[in-house]
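Notes for the one structure printed next.
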Number of protein chains: 2
Amino acid sequence: MKPVINVGIIGFGVVGCGVYDIFQRNARAIELRVGSKLVVKRVADTDPDRPRPIEFDRSILTTNPEEIINDPEIDIVAELIGGVDPAQDYIMAAIRNGKHVVTANKELLAKSGHSLLVEAGERKQDFYFETSVGGGIPIINPMKTSLAGNHIREIKGIVNGTTNYILTRMAEEEKDFEEVLTEAQALGYAERDPTNDVDGHDAAYKIAILASIGFMSRVDVSEVYREGIRNITQKDIAYAKELGYKIKLLAIAKEIDGQMQVRVHPAMIPVNHPLASVSHVYNAIYINADPVGNLMFYGRGAGAEAAGSAVVGDIIDVARNINTGSTGRISCTCFEEKVLQSMDEVQCKHYIRMKTTDKPGVLSAISTVFGANNVSITAVLAKSTGEPGSAESIWVTHTAPEPSVRLSLEAISALPVVTEVSNWIRVEE
Amino acid sequence: MKPVINVGIIGFGVVGCGVYDIFQRNARAIELRVGSKLVVKRVADTDPDRPRPIEFDRSILTTNPEEIINDPEIDIVAELIGGVDPAQDYIMAAIRNGKHVVTANKELLAKSGHSLLVEAGERKQDFYFETSVGGGIPIINPMKTSLAGNHIREIKGIVNGTTNYILTRMAEEEKDFEEVLTEAQALGYAERDPTNDVDGHDAAYKIAILASIGFMSRVDVSEVYREGIRNITQKDIAYAKELGYKIKLLAIAKEIDGQMQVRVHPAMIPVNHPLASVSHVYNAIYINADPVGNLMFYGRGAGAEAAGSAVVGDIIDVARNINTGSTGRISCTCFEEKVLQSMDEVQCKHYIRMKTTDKPGVLSAISTVFGANNVSITAVLAKSTGEPGSAESIWVTHTAPEPSVRLSLEAISALPVVTEVSNWIRVEE
């Protein structure tokens with residue numbers, strides 16, 4: 001049992017300061033639980049002078065991460081700068097210097113996690129990344145430990161707080177996407193350039209990580225289908241409600257006949273599904289596994305406190321491994337190579353909204369096309385648009401293959417009575 | 001790395017068979033994840049001939065648990081008989097024989113977990129009990145690892161599937177307690193003698209376990225306040241709905257100014273609280289902690305599959321500890337001794353239903369009593385009973401100390417205009 005275990009933090013921004021602060025304010029409980037004192041010995045940041053919300057000993061601050069990576073007294077390095085470069089190089093150097101590493105970096109994990117895990121694993125060192133998915137929600141550790149007797153069949157997550165906040169506000173206040181986005185930016189819930197969140201990149205990194213763990217097979221994030229929430233309108237939200245659904249940006253991973261489906265897109269889910277009541281910046285991950293059945297993990301997905309909690313939890317687990325000589329006890333779990341299916345293999349229900357001329361026979365013409373493509377319809381809502389001669393109709397299909405729906409919509413778009421196919425949203429039951 | 005790790009199961013009933021079955025059907029994934037083959041070498045049960053839903057090698061079955069406890073080749077013992085006697089003796093003997101132990105036994109844990117944990121901890125052996133709370137839901141492991149940097153402030157759980165099933169059916173089908181209980185018994189969701197579930201004993205064991213871990217201080221389960229669901233009527237459920245609440249049997253633990261409150265009773269919770277949508281046999285544990293904020297863990301709380309998943313998860317973690325020489329890495333975490341407050345210290349809102357004569361001045365007489373006891377009222381519903389001369393009124397208080405409400409109700413019962421105080425249910429916001 002080491003009396004003191006030293007931690008170095010690279011990237012002393014929101015999360016880094018959160019981690020430092022947790023070690024101060026919960027110091028006593030942490031020491032009792034670990035049996036060692038955990039000390040943040042050094043923090044590195046490119047900007048030493050930016051305003052920080054915490055009190056800290058400025059003598060531990062450096063602009064040079066090498067002072068952490070090369071410090072023989074530092075046992076655990078927390079990488080909290082994000083992005084691939086230079087985080088990847090810092091982590092690799094730290095691992096090669098015998099450090100255990102904890103990171104919150106979903107992009108790096110999704111793109112290059114495998115090589116880092118293997119490098120650490122071969123050296124019997126720890127490389128932990130609980131914070132990369134779901135912020136403060138324990139999900140990666142439970143999947144690797146408590147659920148290790150299970151065969152994970154399906155993961156559905158609301159894993160991006162920004163988009164969930166926007167969709168929640170759009171639904172609650174009947175506002176449009178652009179308006180809520182601007183407000184979210186003003187409140188700090190969305191970045192000035194919101195692409196990473198709004199177009200589903202962030203969610204894709206996260207579901208690639210979860211799917212890799214769940215299915216024991218590496219998922220190439222560049223092949224994950226990704227669709228953001230920019231096309232979701234107030235109308236779609238209202239019609240979804242009428243049909244008994246809520247619209248969420250879902251990150252979905254399924255194992256079907258030994259192959260993987262991994263995708264991120266807006267989806268309608270039944271209002272009574274546990275994920276439907278996950279609102280605002282909250283995240284949740286819903287898992288179906290054999291034998292455990294359905295599970296859901298819910299909590300705050302971002303922020304200094306939630307992310308800080310997960311980083312500190314990882315550091316504590318590593319510290320316990322150091323004290324029992326068992327670092328590297330759980331390493332990479334991608335033992336298999338499973339095929340990642342294309343969207344052509346996806347089967348689900350579909351919601352389609354279209355604008356048509358307002359004449360008898362229109363619905364029949366459209367239904368005929370669906371029928372010819374073997375797509376059955378479970379509900380149709382015919383709506384007035386307020387414009388004379390024009391109508392809107394909403395179609396919900398039974399479970400149908402993605403290509404059949406795509407072919408149907410191409411043919412329907414070409415019908416003279418159809419002005420436009422306005423939106424197409426998948427429905428996950 | 002041991003090529004084979006041997007498991008012995010004491011108690012080969014529903015959960016025991018579930019565990020055996022999981023080791024068969026997920027054998028390959030488990031072996032990949034652990035690095036060793038996990039083999040159920042022997043199972044013990046007092047009744048060798050009872051019908052079992054699985055195929056198994058009958059040569060491993062014995063009626064004598066000593067054949068497991070004394071088998072030098074068995075590394076891990078899973079105790080799945082439940083109850084204190086003889087489970088406690090078997091576990092203690094197994095620990096003293098150098099075995100690691102996994103159990104699902106909440107009663108034993110709540111009553112004598114401390115001595116078993118200490119015995120195992122001193123010998124650097126593992127004693128795991130994830131299954132004792134929340135069935136298949138990972139909750140104890142996350143609290144001890146991922147959340148170890150947190151100060152747990154509050155735990156609210158729906159931790160008894162039987163009572164949650166009964167309350168859900170009562171609400172959905174407008175049936176009374178006795179009727180639904182009888183149906184639940186027929187379906188196997190309630191025992192023939194339902195006392196353990198319906199009167200809150202089971203929930204009390206579970207919240208005592210969670211509170212002990214969360215607050216790092218042993219909770220004496222015999223001092224946990226406990227009230228079951230027998231008094232909940234259709235009327236209360238309907239009025240709760242009208243007021244925006246659902247009624248759930250909650251297991252509650254709070255740390256207030258360094259002291260603990262631990263209690264089990266029916267409570268009204270707002271319909272939009274994440275716990276409100278936990279229905280039927282599902283369980284959920286809602287945690288508020290510093291810094292992580294609010295978390296919820298949701299899943300199936302009982303049954304061969306859910307409980308089996310948790311037992312196997314524990315066995316896998318122990319197996320990894322065996323392989324890395326780190327058994328005993330997390331032992332008892334009750335480092336402190338915190339005072340358990342009595343119900344007199346509890347402050348919450350209250351729902352009170354009473355029958356009165358139908359005369360002017362009745363509400364005023366009742367309000368006067370509440371006022372005299374410093375209990376403020378936030379809502380009153382006056383209802384007709386259908387009987388001439390008689391009325392029903394529903395009162396919801398602001399947050400008030402339990403003794404003030406109790407004194408008020410004593411005085412109100414004595415008012416000539418009050419026929420009876422029919423029910424009194426706490427409200428948790």
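The values are calculated or read from the model by the stated rules, or taken from the named source; none is laboratory data. In this text, all values refer to a predicted model and were calculated from it rather than measured experimentally. Note that we place each Cβ from the backbone using ideal geometry, even for glycine, and neighbour counts take in every protein chain shown.
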Residues of the stretch B:277-290 being more than 7 Å from every other protein chain (Cβ to nearest Cβ) and in contact with a helix residue (DSSP H, G or I) (Cβ under 9 Å, 6 or more places away or on another chain), which ones? B:Val278, B:Ser279, B:His280, B:Val281, B:Tyr282, B:Asn283, B:Ala284, B:Ile285, B:Tyr286, B:Ile287, B:Ala289, B:Asp290
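Conditions (1) farther than 21 Å from B:Arg33 by Cα; (2) within 14 Å of another protein chain (Cβ to nearest Cβ); (3) in a strand (DSSP E or B), marked per residue:
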{"site": "A:Ile152", "(1), (2), (3)": "no, yes, yes"}
{"site": "A:Gly157", "(1), (2), (3)": "yes, yes, yes"}
{"site": "A:Leu167", "(1), (2), (3)": "yes, no, no"}
{"site": "A:Met170", "(1), (2), (3)": "yes, no, no"}
{"site": "A:Glu183", "(1), (2), (3)": "yes, no, no"}
{"site": "A:Ser222", "(1), (2), (3)": "yes, no, no"}
{"site": "A:Asn231", "(1), (2), (3)": "yes, no, no"}
Give the residues of the stretch B:277-289 that are surrounded by fewer than 19 Cβ atoms within 10 Å (Cβ to Cβ) and in contact with a Lys or Arg (Cβ under 6 Å, 6 or more places away or on another chain), sorted by residue number. B:Asn288
Residue hits (the stretch B:185-196; closer than 24 Å to B:Ile139 by Cα and part of a helix (DSSP H, G or I)) are B:Asn196
By residue number, the members of the stretch A:173-217 that are more than 26 Å from A:Val14 (Cα to Cα) and surrounded by 18 or more Cβ atoms within 10 Å (Cβ to Cβ) are A:Phe177, A:Ala211, A:Ser212, A:Ile213, A:Gly214, A:Phe215, A:Met216, A:Ser217
Are there any helices (runs of 4 or more DSSP H) wholly within the stretch B:13-83 with 3 or more residues that are farther than 29 Å from A:Phe215 by Cβ, and if so which? B:66-69
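Conditions (1) more than 12 Å from chain A (Cβ to nearest Cβ); (2) closer than 18 Å to B:Ser309 by Cα; (3) among the hydrophobic types (A, V, I, L, M, F, W, C), marked per residue:
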site: B:Leu116; (1), (2), (3): yes, no, yes
site: B:Glu122; (1), (2), (3): yes, no, no
site: B:Glu130; (1), (2), (3): no, yes, no
site: B:Gly134; (1), (2), (3): no, yes, no
site: B:Ile140; (1), (2), (3): no, yes, yes
site: B:Leu147; (1), (2), (3): no, no, yes
site: B:Glu173; (1), (2), (3): yes, no, no
Say whether the condition of being outside the structural domain of A:Lys206 (by TED's automatic domain parsing) and more than 24 Å from the chain's Cα centre (by Cα) is met by at least one residue in the stretch A:111-120. yes
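With respect to A:Ala238, determine if the residue is out of contact with any strand residue (DSSP E or B) (no Cβ under 9 Å at 6 or more places or on another chain) and either in the same structural domain as A:Ala171 (by TED's automatic domain parsing) or in a loop (DSSP other than H, G, I, E, B) (or both).
On the way: out of contact with any strand residue (DSSP E or B) (no Cβ under 9 Å at 6 or more places or on another chain): yes; either in the same structural domain as A:Ala171 (by TED's automatic domain parsing) or in a loop (DSSP other than H, G, I, E, B) (or both): yes.
Yes; evaluated as a whole, the condition is true for this residue.
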I'd like to verify a number: residues in the stretch A:258-276 that are within 14 Å of another protein chain (Cβ to nearest Cβ), in contact with a helix residue (DSSP H, G or I) (Cβ under 8 Å, 6 or more places away or on another chain) and surrounded by 18 or more Cβ atoms within 10 Å (Cβ to Cβ), how many? 2
With respect to the numbered conditions (1) on the phi < 0 side of the Ramachandran plot; (2) without any contact (Cβ under 8 Å) to a residue 24 or more places away in the chain, which one is the sole condition not fulfilled by B:Gly293? (1)
Scanning the stretch A:334-354 for residues that are farther than 30 Å from A:Ala148 by Cβ and crowded, with 16+ Cβ neighbours inside 10 Å, which turns out farthest from the other protein chains (Cβ to nearest Cβ)? A:Met354
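Filter the stretch B:13-26 down to the residues that are among the small types (Gly, Ala, Ser) and more than 8 Å from every other protein chain (Cβ to nearest Cβ), then identify the one that is surrounded by the most Cβ atoms within 10 Å (Cβ to Cβ).
B:Gly16
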If you take the residues in the stretch A:27-59 that are without any contact (Cβ under 8 Å) to a residue 12 or more places away in the chain and closer than 27 Å to B:Cys334 by Cβ, which one is nearest to the other protein chains (Cβ to nearest Cβ)? A:Leu32
For the stretch B:296-333, how many residues are farther than 19 Å from B:Gly13 by Cα, in contact (Cβ under 8 Å) with a residue 60 or more places away in the chain and out of contact with any helix residue (DSSP H, G or I) (no Cβ under 8 Å at 6 or more places or on another chain)? 3
Please give the helices (runs of 4 or more DSSP H) falling wholly within the stretch A:85-147 in which 3 or more residues are closer than 14 Å to B:Ser146 by Cα and of a type outside the set (Val, Ile, Thr). A:140-144
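Checking the condition closer than 23 Å to A:Asp358 by Cα and not assigned by TED's automatic domain parsing to the domain that holds A:Asp236, which residue from A:Glu402, A:Glu392 passes?
Working: A:Glu402 fails: closer than 23 Å to A:Asp358 by Cα.
On inspection, the qualifying residue turns out to be A:Glu392.
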Sole residue being more than 7 Å from chain A (Cβ to nearest Cβ), at pLDDT 95 or above and surrounded by fewer than 24 Cβ atoms within 10 Å (Cβ to Cβ), chosen from B:Gly244, B:Gly325, B:Gly293: B:Gly244
Looking only at the stretch A:307-322, which residues are within 7 Å of chain B (Cβ to nearest Cβ) and acidic (Asp, Glu)? A:Asp317
Of the listed residues (A:Thr163, A:Thr168), the one being under 21 Å from the mean Cα position of the chain (by Cα), buried (at least 18 other Cβ atoms within 10 Å of the Cβ) and closer than 26 Å to A:Lys383 by Cα is A:Thr168
Out of A:Ile425, A:Ile394, I need the residue that is assigned to a strand (DSSP E or B) and within 18 Å of A:His265 (Cβ to Cβ). Which one? A:Ile425
Are any of the residues in the stretch A:126-136 within 19 Å of B:Asn141 (Cβ to Cβ), out of contact with any Ser or Thr (no Cβ under 9 Å at 6 or more places or on another chain) and not hydroxyl-bearing (Ser, Thr, Tyr)? yes
Has the stretch A:399-409 got any residue that is in contact with a Lys or Arg (Cβ under 6 Å, 6 or more places away or on another chain) and surrounded by fewer than 18 Cβ atoms within 10 Å (Cβ to Cβ)? yes
